[in-house]
Amino acid sequence: MSNSPQETRRSVERARQGGNIVQDVTERIAQNVDQVIMGKRNEIRLTILGLLSQGHILIEDIPGVGKTMMAKALSRSMGCTFSRIQFTPDMLPSDVTGVSLFNQKTREFEFRPGPIMAQVVLADEINRATPKTQAALLEAMEERQVTVDGVTYPMEEPFLIMATQNPIEYEGTFPLPEAQLDRFMLRIQLGYPSPVEELTVLSAQQYKHPIESMYQVVSVQDLLSAQKAIRDVYVADEVKRYIVDLVTASRQHPDVYLGSSPRGSLALFRTSQARAAMSGRDYVIPDDVKALAEVTLAHRIIVGPAARIKDISARAIVQDVLASTPVPGASFK
């Protein structure tokens with residue numbers, strides 16, 4: 001159902017007022033993180049985009065390309081609490097969420113919070129944990145709370161989970177279930193640095209790691225204000241239909257066993273708003289949607305058995321869907 005003209009005008013005005021803070025927060029964090037993660041400007045901006053969209057991020061890449069440093073640098077830039085969980089096959093759900101212990105002095109149970117109770121959480125090598133332990137993240141990721149022994153504990157804002165997994169190592173790993181993958185707003189890859197960038201890394205780390213001299217560049221309140229401002233970015237009905245058409249096409253593609261969920265539509269919608277605000281616009285254009293379709297939808301698509309034999313990837317299917325779905329014209333402006 002469309003908003004009234006008055007509501008639309010108010011939303012556009014709020015978006016214009018909030019646009020400056022979104023750009024300011026983005027540039028400050030990006031410049032700060034760029035000192036640690038060199039030559040990955042686009043991936044850094046995607047990570048910030050996920051943060052501003054209040055989503056969680058899955059970084060799927062080989063070891064040693066800076067996945068852990070990305071999460072640490074992000075948390076230091078905002079002055080947020082940081083926690084790292086090294087997932088292993090013998091880890092229990094209580095090792096993630098926390099546990100209630102009986103205090104013999106007070107004769108009461110006391111909650112000992114687990115590492116999930118932080119603002120920026122690095123779930124390192126998440127696919128090394130069993131599905132039972134992976135499931136301990138589901139409530140926190142979707143509802144931003146954890147329940148232990150019948151008591152619910154809310155997460156502190158902002159709350160971001162950055163999970164990593166090695167895509168080429170299968171021994172001793174457990175594939176992420178669809179329900180887990182669906183809760184990640186974005187899936188990105190860092191990739192190898194170029195030879196020039198790798199030389200810069202060697203020079204920068206000759207005496208100490210750059211992250212040791214990092215400092216906070218934005219306040220938590222600024223970040224929360226930027227997250228709120230993104231919600232006011234205008235999205236025309238034609239662009240909303242374009243998002244739905246792309247997701248629907250992903251479900252009907254002949255090479256797909258299971259297409260994107262409605263959560264994928266919401267992820268593409270929210271990240272498109274964030275990209276528009278980061279670009280200084282108070283409205284979303286189809287190019288925003290096209291630029292983010294792969295990183296928001298590909299990990300939600302299960303490729304059919306026949307297509308897997310032909311080595312057809314989910315990313316290729318998203319590109320095919322983008323090529324075959326009509327783009328709305330200029331009338332949406």
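The mean sequence distance of close C-alpha pairs (under 8 Å, at least 6 residues apart), as a share of the length of segment 72-204, puts its relative contact order at 24 percent.
The string of couplings for segment 128-142 from the Karplus curve (6.51, -1.76, 1.60, θ = phi - 60°) is 8, 8, 5, x, 4, 6, 4, 5, 5, 8, 4, 5, 5, 5, 8 Hz, one whole number per residue in order, with x for Gly and Pro.
Report the equivalent ellipsoid semi-axes for segment 63-222 in whole Å, largest first, defined as the square roots of five times the eigenvalues of the gyration tensor built from alpha carbon atoms.
Rounded to whole Å, the semi-axes are 31, 21, 15.
Using a cutoff of 8 angstrom between alpha carbon atoms and counting only pairs six or more residues apart, the relative contact order for segment 1-232 works out to 33 percent.
Using a cut-off of 14 Å between beta-carbons, work out the net charge of the residues near A316 (Lys and Arg +1, Asp and Glu -1, A316 not included). List each step's numbers first, then the result.
On the way: positive: R308, K310, R315; negative: D255, E294, D311, D320.
Charge balance near A316 sits at -1.
Inter-part distance, segment 166-221 to segment 34-98, computed on C-alpha centroids, equals 6 Å.
For the chain, adding -39500 (n - 2.57) for each run of n ≥ 4 DSSP H residues and dividing by the number of residues yields -14000 deg cm²/dmol at 222 nm.
Scan the chain and report its longest stretch carrying no GluC sites (Glu not before Pro) that are both in a DSSP loop and have at most 13 other Cβ atoms within 10 Å.
On the way: sites that count: E156, E169, E171.
Result, exposed sites excluded: 172-333.
With θ taken as phi - 60° and the Karplus curve 6.51 cos²θ - 1.76 cosθ + 1.60 applied, the whole-hertz 3J(HN,Hα) list for segment 265-272 is 4, 5, 5, 5, 5, 5, 5, 5 Hz, x standing for glycine and proline. Expressed as a fraction of 2.2 N^0.38 Å, the C-alpha radius of gyration for segment 234-333 is 1.08.
Close amide H pairs (under 5 Å, H built 1.01 Å from N) link V256 with G304, residues at least 5 positions away or on another chain. Computed from the C-beta positions of A291 and E143 and an R0 of 30 Å, the FRET efficiency is 0.55 to the nearest 0.05.
Take every Cα pair under 8 Å whose residues are at least 6 apart in sequence, average their separation, divide by the length of segment 22-82, and the relative contact order is 39 percent.
Rounded to the nearest whole Hz, the Karplus-based 3J(HN,Hα) values (6.51 cos²θ - 1.76 cosθ + 1.60, θ = phi - 60°) of segment 103-110 follow the sequence 8, 5, 6, 8, 6, 9, 7, 10, with x at glycine and proline.
Under a 5 Å amide H cut-off, with hydrogens placed 1.01 Å from N, G98 pairs with G114 among residues at least 5 apart or on other chains. Of the chymotrypsin sites (Phe, Trp or Tyr not before Pro) found in segment 205-302, those in coil by DSSP whose Cβ has at most 15 other Cβ atoms within 10 Å are Y207, Y215.
Work out the count of Lys pairs in the chain where the Cα-Cα distance is under 19 Å, with the pair 8 or more places apart or on different chains.
Numbers: K40/K67; K40/K72; K67/K208; K72/K208; K240/K290; K240/K333; K290/K333.
Lysine pairs, 8 or more places apart or on different chains, close enough: 7.
Our note on the geometry: Cα centres of segment 235-268 and segment 278-333, 8 Å apart.
Just so you know, all these numbers are worked out from the coordinates, no wet-lab data involved. This is a predicted model, so every value here is computed, not measured. A quick note on method: Cβ atoms are made from the backbone with ideal geometry, for glycine too, and the neighbour counts reach across all protein chains shown.
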